[in-house]
Amino acid sequence: MEFISIVEIIGTIAFAMSGALTAIEKDLDYYGIGIFAITTSVGGGIVRDLLIDRPLPASLENPLYALISLLSAGFVILFYTHISKLAKKLQFFDAIGLGAFTAIGAEVAVRMGFQQWYVVVTLAVLTGTGGGLIRDVFAREIPYVFRKEVYAMASILGAILYIIVFRLAGSQMALYSCFLATTLIRLYCMEKDVHLLKVGKVTME
């Protein structure tokens, strides 16, 4: 198994556990927990595949990642008390997942024949962040990627690097460069508490 496939599985588990934790916090039943887990882990890829008019989304063609998501949800249900205390540590694996899915999204875009840089970036970012966005919409929360965290921006920068490296050194090097850059940017911003600036509110008297 290739390294990128291994980190994709790690990311799938982290994303699915994040979805399951959110569902439990919202007091959903087992079905809801499972849906949140699957949506968070493969939702971005499904949106990407629908946009590029793929006959069948990759996650339906190969149900492995949906099954991993359900198993992860079951694990969270069984050990919720312990896992909820480790929620912050799960962000490390979430960063790995963001890097892996961003890189894979960019690779899929190029493989499908899209050469415009903005299309590659859009599909990469959708793959990396789309599942979490859908999760938050379902949970009636402002999506995490729209808040001050350097999350989507890490994905954007990684996707741009993919395009640059792809043109210089080919797809394999671009894939791993994108993964590493996205993951490291996200981890660095988490460690140093770096955030995007927010617009100041104007009060009317």
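The values are calculated or read from the model by the stated rules, or taken from the named source; none is laboratory data. Since we're looking at a predicted model, the values are computed, not measured. Cβ sites come from the backbone with ideal geometry, for glycine too, and all protein chains shown count toward neighbours. These area figures cover heavy atoms from the full protein model, side chains too; ligands, DNA and RNA do not enter into them. Shrake-Rupley method; radii C 1.70, N 1.55, O 1.52, S 1.80 Å.
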Taking the options Met204, Met173, Met190, name whichever one is at pLDDT below 90, in a helix (DSSP H, G or I) and hydrophobic (A, V, I, L, M, F, W, C). Met190
Here the residues within the range 82-124 that are in contact with a helix residue (DSSP H, G or I) (Cβ under 7 Å, 6 or more places away or on another chain) and outside any helix (DSSP H, G or I) are Phe114
Evaluate the following for Val137: is it of a type outside the set (D, E, K, R), modelled with pLDDT of 90 or more, surrounded by fewer than 23 Cβ atoms within 10 Å (Cβ to Cβ) and closer than 12 Å to Ile156 by Cβ? no
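Check every one of the helices (runs of 4 or more DSSP H) wholly within the range 1-77 and list those with 2 or more residues that are surrounded by 16 or more Cβ atoms within 10 Å (Cβ to Cβ) and under 15 Å from the mean Cα position of the chain (by Cα). First the steps, then the outcome.
Values: elements: 3-25, 30-51, 58-61.
Result: 3-25, 30-51.
One line per residue, one yes/no per condition, for (1) closer than 22 Å to Glu191 by Cβ; (2) under 13 Å from the mean Cα position of the chain (by Cα):
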| site | (1), (2) |
| --- | --- |
| Val121 | no, no |
| Gly128 | yes, yes |
| Gly131 | no, yes |
| Val137 | no, no |
| Glu141 | no, no |
| Glu149 | yes, no |
| Ala152 | yes, yes |
| Ile156 | yes, yes |
| Ile164 | no, no |
Need pairs with beta-carbon distance below 9 Å; first residue crowded, with 21+ Cβ neighbours inside 10 Å and within the range 151-173, second basic (Lys, Arg); sequence gap 6+ or separate chains. Tyr151/Arg186; Ala154/Arg186; Ser155/Arg186; Gly158/Arg186
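Just to be sure I understand, how many residues within the range 142-167 are part of a loop (DSSP other than H, G, I, E, B) and out of contact with any Ser or Thr (no Cβ under 8 Å at 6 or more places or on another chain)?
Quick first cut of the range 142-167, residues part of a loop (DSSP other than H, G, I, E, B) only: 142-143, 147-148, 150-151.
After this cut, where a residue has to be out of contact with any Ser or Thr (no Cβ under 8 Å at 6 or more places or on another chain) as well, the list is 142-143, 147-148, 150.
Result for the range 142-167: 5.
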Hey, does the range 108-124 have a residue that's more than 28 Å from Leu161 (Cβ to Cβ) and either in contact (Cβ under 8 Å) with a residue 60 or more places away in the chain or among the small types (Gly, Ala, Ser) (or both)? no
Check off (1) surrounded by fewer than 21 Cβ atoms within 10 Å (Cβ to Cβ); (2) under 27 Å from Ile24 (Cβ atoms); (3) under 13 Å from the mean Cα position of the chain (by Cα) for Phe101 and give me the number that stays unchecked. (1)
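State the number of residues belonging to the range 1-23 that are acidic (Asp, Glu) and touching a residue at least 12 places away in the same chain (Cβ under 8 Å). Before you say what the answer is, go through the steps one by one.
Our first condition is that a residue be acidic (Asp, Glu); within the range 1-23, this holds for 2, 8.
Those still in the list that are touching a residue at least 12 places away in the same chain (Cβ under 8 Å) too: 8.
Going through the range 1-23 one residue at a time, the tally reaches 1.
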Is it true that Tyr176 is over 23 Å from Gly19 (Cα atoms), open to solvent by 90 Å² or more (accessible area, probe 1.4 Å) and among the hydroxyl-bearing types (Ser, Thr, Tyr)? no
